[in-house]
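The numbers here are math on the coordinates, done by the rules we state, and not lab data. The shown structure was predicted, so the numbers you read here are calculated from the model rather than taken from an experiment.
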Amino acid sequence: MRTIVDIPEAELAPLDALCQSLHISRAEGVRRAIRGFVVQSRSVEAGDAAFGLWAKGGDSVDYQNKLRDEW
C-alpha cells in the first residue's frame with residue numbers, strides 16, 4: 001500500500017542520515033520503523049495481559065504447594 005506521511009523537518013534529517021548509513025532507502029527506513037513499532041506494541045500488550053496475574057492468587061509459594069498437592 002502506498003501512503004503519504006508528513007515527517008517534521010527536525011526528524012527528517014536524522015532519518016535520512018540513518019538510512020544513508022544503513023544503505024537503505026527512506027521508504028525502507030519507514031517500513032522498518034513501522035515493523036518495530038508493531039512488534040514493540042505486541043510485547044507491551046503481552047506484558048499488560050500478565051500484569052497483576054498474581055494479584056488475587058495470594059502467595060506464589062502457597063500456589064506451588066497447592067499444585068504439588070495434586071500430584
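What is the extension gain from residue 33 to residue 7, computed as 0.36 nm multiplied by their sequence separation minus the C-alpha to C-alpha distance, in nm to one decimal?
Values: separation 26, 0.36 × 26 = 9.36 nm, distance 1.29 nm.
Answer, rounded to one decimal: 8.1 nm.
Stretch residue 21-residue 63 to full length: gain in nm at 0.36 nm per residue minus the Cα-Cα span? Don't skip to the end; give the middle numbers.
Values: separation 42, 0.36 × 42 = 15.12 nm, distance 5.24 nm.
Full extension from residue 21 to residue 63 adds 9.9 nm.
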